[in-house]
Amino acid sequence: MTEHFRNFISGSWIEPANGQYIENVNPARTSDIVGLFPDTDPSELDVAVESAQRGFEDWSRVPAPERGLVLKKAGDLLSERKEELAHIMTREMGKVLDETRGDVQEAIDTAYYAAVEGRRLFGHTVPSELRSKWAMSFRRPIGVFGIITPFNFPVAVPSWKIFPALLCGNSIIYKPSEDTPSSANYFVDVLLEAGLPPECVQLVHGHGETIGHAIASHPGVPGLSFTGSTETGRSIGEIAGRMHKRLSLEMGGKNAQIVMPDADLELALEGVLWGAFGTTGQRCTATSRLLLHREIHDEFVERLVYKADSLELGDGQHAQVDVGPLIHEAARDKCEAYVEIACAEGATVKCGGDQPTGKEFGEGWFFKPTVLTGVQRDHRTAREEIFGPVLSVLKFNDTDEAFEINNEVLYGLSSSIYTTDVNVSFRAIQELDNGITYVNAPTIGAEAHLPFGGVKATGNGHREGGWEVYEFYTETKVAYLDYSGRLQRAQIDVEW
Ligand code: NAD
């Protein structure tokens, strides 16, 4: 019998009041039903918000180093259960086990980083303009944060948001992707077992347009952290702007790997195979464009196509598999549609371009690793996010042109350049218009203790990860203490 999962609201695991559920299936084999998850009605949100507000009252007063201990424990539990959680994630999301293990590891790293940050959360003490007066700033928690996450990193992305939010003393309402709800239940269980006071976390499942929208619009939720498509982020941004909410947006990408003629081509080849086809191309940092210098273009394409064609497709639970399925039918249809668009625009399909045939693929959303050549700068496949294993190859003549091509898209998450020229490397890290640039490494591979995020239509100026995210989840307050015993007027009574 199919398991019915529940929401976590007001300190208890509860069924949705409307009795409605969303079926979650294994994208590698859709007859494998992972479970039924609440299709929560927005009318249930008030109760969750009130509970989170109560949770905040107590939790915000717990000393930050003590809050950090809860996160340390959460990291320990994730570490002990890494294998179990990785299997749950692969079953519901499709990416291969090595990658879901990495997904859990990222959450572990983030937990340990957050735990230590509980002893920092620095403010500033600075001299006052006036005698016998003290001036300092410090950080205060904000309240209830709405956390809305995508499917592609079912544990890592929530951890980037939830751990810092909690460490800073906030409570959260967590709405995971409707495609990866199972990992979310597991994650919340870990937090509770680690000792988080139950009212500090509310887990509400359901569709983005209903419960996600309700969280974004709720007046009792003053902060929002969203990762997902630029289109959804824009709609949340409009609400947050109108309601004066604090908002962090991490959105789409169209990342490029540049290969210069002096590069180690074997290394560049390994890099693009991992960057373009890892996670079946469903990473925000996935390599979606490969920019090849004209001198090495033909040779590189030949080697790439040979390697891409030999990648093993299949169920991510099997050790020999390199590339799992896409998340759902619509994602596969999108890849097919973009291949058609590319052909209509004059590009050539060098490999892949369609679904694999064979019994083992009949029940999953598989799409072959695809390489398109002859893509021009104004083609849609050179500019739009596809979010699948479809790589567009563009040819360039010199460094300036490569940088222009990299920078001319709407998005600005990550970029990569392969070169042995130190001057070109430094030009790239300064001139490529992205939040992250890798030199001699693929477009993917962020580390938990550095800020993560993008420019232009990828973000709204905030960063996840590293030290910067702790500023997002706190409000700066300034305090002045005048111990002169007399009225001192700033800017008027200065004695110099
Ligand atoms: P999505 O935008 O469809 O959904 C993301 C989340 O938003 C889900 O939980 C969904 O239910 C919710 N949602 C949908 N409509 C909503 C609405 N109107 N109001 C509130 N919530 C709503 O994205 P997805 O398909 O799950 O993920 C893929 C996208 O995420 C890609 O564009 C990818 O680039 C992006 N992404 C970006 C980063 C980054 O850090 N920049 C990381 C991972 C994924």
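The set of residues from the stretch 15-29 being over 11 Å from Thr40 (Cα atoms), part of a strand (DSSP E or B) and not charged (D, E, K, R) comprises Asn24, Val25, Asn26. Taken over the stretch 322-335, the residue count meeting the criterion of being part of a helix (DSSP H, G or I), of a type outside the set (Lys, Arg) and crowded, with 17+ Cβ neighbours inside 10 Å is 2. If you go through the stretch 195-220 and keep only what is in contact with a strand residue (DSSP E or B) (Cβ under 9 Å, 6 or more places away or on another chain) and either on the phi > 0 side of the Ramachandran plot or aromatic (Phe, Trp, Tyr) (or both), you end up with just Gly206.
Of a type in the set (Gly, Ala, Ser), closer than 29 Å to Gly94 by Cβ, within 14 Å of the ligand (Cβ to nearest atom) and touching a residue at least 24 places away in the same chain (Cβ under 8 Å), is that true of Ser159? Yes, satisfied. Among the criteria (1) assigned to a loop (DSSP other than H, G, I, E, B); (2) surrounded by fewer than 20 Cβ atoms within 10 Å (Cβ to Cβ); (3) under 35 Å from the mean Cα position of the chain (by Cα); (4) not small (Gly, Ala, Ser), the one Gln488 does not fulfil is (3). Only one entry of Glu336, Glu340 meets the criterion of being away from the ligand (no atom under 16 Å from the Cβ) and without any contact (Cβ under 8 Å) to a residue 24 or more places away in the chain, and that entry is Glu340.
Look at (1) surrounded by fewer than 19 Cβ atoms within 10 Å (Cβ to Cβ); (2) over 21 Å from Glu106 (Cα atoms) and you find that Gln202 fails only one, number (1).
Residues in the stretch 196-209 that are in contact with a Leu (Cβ under 8 Å, 6 or more places away or on another chain) and over 19 Å from Asn18 (Cβ atoms): 4 in all. Considered as a group, the residues in the stretch 221-247 that are under 19 Å from Glu50 (Cα atoms) and out of contact with any strand residue (DSSP E or B) (no Cβ under 6 Å at 6 or more places or on another chain) include one that is nearest to the ligand (Cβ to nearest atom), and that residue is Met243.
For the stretch 289-312, filtering for residues that are crowded, with 17+ Cβ neighbours inside 10 Å and out of contact with any helix residue (DSSP H, G or I) (no Cβ under 7 Å at 6 or more places or on another chain) leaves 4.
I'd like to know if the stretch 348-366 contains one or more residues that are more than 16 Å from the ligand (Cβ to nearest atom), part of a loop (DSSP other than H, G, I, E, B), modelled with pLDDT of 95 or more and within 19 Å of Val409 (Cα to Cα). No, that holds for no residue. Of all residues in the stretch 162-182, those satisfying the criterion of being surrounded by 24 or more Cβ atoms within 10 Å (Cβ to Cβ) and within 15 Å of the ligand (Cβ to nearest atom) are Ile162, Pro164, Ile172, Ile173, Tyr174, Lys175, Pro176, Ser177, Thr180, Pro181. In a residue-by-residue description of the stretch 307-323, the property of being under 24 Å from the mean Cα position of the chain (by Cα) and of a type in the set (D, E, K, R) applies to at least one position.
Checking Thr399, Thr443 one by one, the residue that is under 30 Å from Glu117 (Cβ atoms), of a type in the set (Ser, Thr, Tyr) and modelled with pLDDT of 95 or more is Thr443 and no other.
Do we find that Arg91 is assigned to a helix (DSSP H, G or I), in the same structural domain as Ala194 (by TED's automatic domain parsing) and within 22 Å of the chain's Cα centre (by Cα) in this structure?
yes
Within the stretch 440-451, the set of residues being surrounded by 24 or more Cβ atoms within 10 Å (Cβ to Cβ) and either outside any loop (DSSP other than H, G, I, E, B) or more than 13 Å from the ligand (Cβ to nearest atom) (or both) comprises Pro442 only. Filtering the stretch 376-416 to residues that are in a strand (DSSP E or B) and more than 22 Å from the chain's Cα centre (by Cα) leaves Ser392, Val393, Leu394, Lys395, Phe396. Scanning the stretch 183-211 for residues that are within 16 Å of the ligand (Cβ to nearest atom) and either free of Cβ contacts under 8 Å to residues at least 24 places away in the same chain or within 26 Å of Leu71 (Cα to Cα) (or both) gives Ser183, Ala184, Asn185, Phe187, Val188, Gln202, Leu203, Val204, His205, Glu209. Residues in the stretch 265-321 that are in a strand (DSSP E or B) and without any contact (Cβ under 8 Å) to a residue 12 or more places away in the chain: none. Entry remark, the stretch 1-59: residues being buried (at least 22 other Cβ atoms within 10 Å of the Cβ), of a type in the set (Ser, Thr, Tyr) and more than 28 Å from Lys95 (Cβ to Cβ) number 1 in total.
The values are calculated or read from the model by the stated rules, or taken from the named source; none is laboratory data. A quick note: this is a predicted structure, and the numbers were derived from the prediction, not measured. In this analysis, Cβ positions are derived from the backbone assuming ideal geometry, glycine residues included, and neighbour counts consider all displayed protein chains.
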